[in-house]
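S.K.: Here you go, one structure.
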Amino acid sequence: MIRVERDKVTFYQFLGLRSFPGLSHFVSGREGGVSVGGQAALNLGFMDEDRDDRVLTNRMLLAEAVGCSVDNFTFGEQKHTTHVEVVTRAQRGRGGREKATRLPSTDALITRETGVCLMVLAADCVPVLMYDSRMRVIAAVHAGWRGTVGRIAAQTVERMRDEFGCDTRDVIVGIGPSIGPCCFEVGEEVVEAAREGLGNLEGLVETGKQPGKYQLNLWEANRRQLRQVGVEDARIEVAGICTVCHHDHFYSYRGDRGNTGRFGAGIMLNI
């Protein structure tokens with residue numbers, strides 16, 4: 001990923017996605033907004049700990065920096081589901097100015113409509129952006145550990161294939177900053193859920209620092225399931241940035257001990 005700063009707003013872009021004409025994408029950092037306290041500064045999530053007017057200002061600042069409008073931003077109500085929603089033009093802007101209009105119980109969004117910026121929020125969960133340059137289809141995925149072991153990233157690619165005729169070999173993927181294997185310590189119940197959902201855990205789980213604890217690699221778990229449905233390894237870019245280790249640049253629930261905001265990942269077809 002590369003770091004971009006415009007009008008004091010910081011965001012990041014995947015090298016594999018930034019060269020396509022007519023495509024915009026970004027992963028926001030913390031710098032450049034108006035929120036204060038644990039949510040300082042570019043918090044994009046409507047929450048009890050932050051004022052709605054500040055969050056909306058942050059979203060408008062980000063939209064201006066990346067070259068669109070807050071009315072392009074389209075959000076799902078992220079509930080750690082594996083529900084994938086195909087977004088129509090009529091749904092453009094849902095959740096952009098207020099959380100009440102978010103697409104219900106949705107953690108992955110797909111569209112081929114121009115002017116619809118698909119958005120996911122994160123603070124340790126894995127944001128995943130996808131693009132099929134041949135069929136001109138985009139997707140944004142919120143993959144926490146539940147979504148990851150539920151194979152939401154793979155299900156999104158399969159939905160792109162089923163709905164729009166995408167060839168999985170044409171799909172380009174960016175796996176964004178999230179809690180890394182260095183910091184994601186989990187218990188037996190999470191490991192068992194991962195085994196049930198993902199099968200072979202070799203290379204995904206290591207023994208933790210504490211007895212009965214394990215380190216789970218969400219980056220590799222998402223990369224592996226994408227490869228299993230036909231996405232080429234060379235087309236999967238993993239940011240490899242741990243949000244806990246770098247919570248000065250990205251919001252991290254664990255790194256900030258729960259008092260934090262949300263950063264966003266977005267992708268949009270411009271033309």
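We did not get these values from a lab; they are worked out from the coordinates using the rules stated. Keep in mind it's a predicted model, so treat the numbers as computed, not measured. A quick note on method: Cβ atoms are made from the backbone with ideal geometry, for glycine too, and the neighbour counts reach across all protein chains shown.
S.K.: Filter segment 224-271 for residues that are under 28 Å from S19 (Cβ atoms) and among the polar types (S, T, N, Q); which is surrounded by the most Cβ atoms within 10 Å (Cβ to Cβ)?
M.R.: T243
S.K.: Inside segment 43-57, can you point out the residues that are of a type in the set (A, V, I, L, M, F, W, C) and surrounded by fewer than 20 Cβ atoms within 10 Å (Cβ to Cβ)? Steps first, please.
M.R.: To start, the set of residues in segment 43-57 that are of a type in the set (A, V, I, L, M, F, W, C) comprises 44, 46-47, 55-56.
The answer is M47, L56.
S.K.: Also: Go through V66, V55, V34 for me and flag whichever is among the aliphatic types (A, V, I, L, M) and within 24 Å of R136 (Cα to Cα). Even if it seems obvious, please write down each step before you answer.
M.R.: On the way: V55 fails: within 24 Å of R136 (Cα to Cα); V34 fails: within 24 Å of R136 (Cα to Cα).
None of the others qualify; the one that does is V66.
S.K.: Report, ordered by the first and then the second residue, all pairs with beta carbons closer than 6 Å, sequence separation of six or more or different chains, a first member in segment 58-75 that is surrounded by 22 or more Cβ atoms within 10 Å (Cβ to Cβ), and a second member that is part of a helix (DSSP H, G or I) and not polar (S, T, N, Q).
M.R.: Cβ pairs passing all conditions: R59/V70.
S.K.: To continue, here is another question. Does segment 19-57 hold any residues that are free of Cβ contacts under 8 Å to residues at least 24 places away in the same chain and hydroxyl-bearing (S, T, Y), and which are they?
M.R.: S19
S.K.: Ok, one more. Counting just the residues of segment 11-37 that are surrounded by 19 or more Cβ atoms within 10 Å (Cβ to Cβ) and of a type in the set (G, A, S), which one comes out farthest from M135 (Cα to Cα)?
M.R.: Checked segment 11-37; the qualifying residue farthest from M135 (Cα to Cα) is S35.
S.K.: Name the residues in segment 108-120 that are closer than 11 Å to N72 by Cα, in contact with a helix residue (DSSP H, G or I) (Cβ under 8 Å, 6 or more places away or on another chain) and surrounded by 23 or more Cβ atoms within 10 Å (Cβ to Cβ), would you?
M.R.: V116, C117, listed by residue number.
S.K.: Of the conditions (1) among the small types (G, A, S); (2) crowded, with 17+ Cβ neighbours inside 10 Å; (3) closer than 26 Å to W219 by Cβ, S105 fails just one. Which one is it?
M.R.: Going through (1) among the small types (G, A, S); (2) crowded, with 17+ Cβ neighbours inside 10 Å; (3) closer than 26 Å to W219 by Cβ one by one, S105 breaks only (2).
Listed here are the residues, each with its yes/no results for (1) without any contact (Cβ under 8 Å) to a residue 40 or more places away in the chain; (2) part of a helix (DSSP H, G or I); (3) buried (at least 24 other Cβ atoms within 10 Å of the Cβ); (4) not β-branched (V, I, T).
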residue	(1), (2), (3), (4)
L129	no, no, yes, yes
M135	yes, no, no, yes
T148	no, yes, yes, no
A153	no, yes, yes, yes
V157	no, yes, yes, no
E163	no, yes, no, yes
I172	no, no, no, no
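S.K.: Output the number of residues of segment 181-238 satisfying the condition of being of a type in the set (G, A, S) and assigned to a loop (DSSP other than H, G, I, E, B).
M.R.: Taking segment 181-238 and keeping what is of a type in the set (G, A, S), we get 187, 193-194, 197, 199, 203, 208, 212, 221, 230, 234.
Okay, now just the ones that are also assigned to a loop (DSSP other than H, G, I, E, B), so 187, 199, 203, 208, 212, 230.
Residues flagged as of a type in the set (G, A, S) and assigned to a loop (DSSP other than H, G, I, E, B) within segment 181-238 amount to 6.
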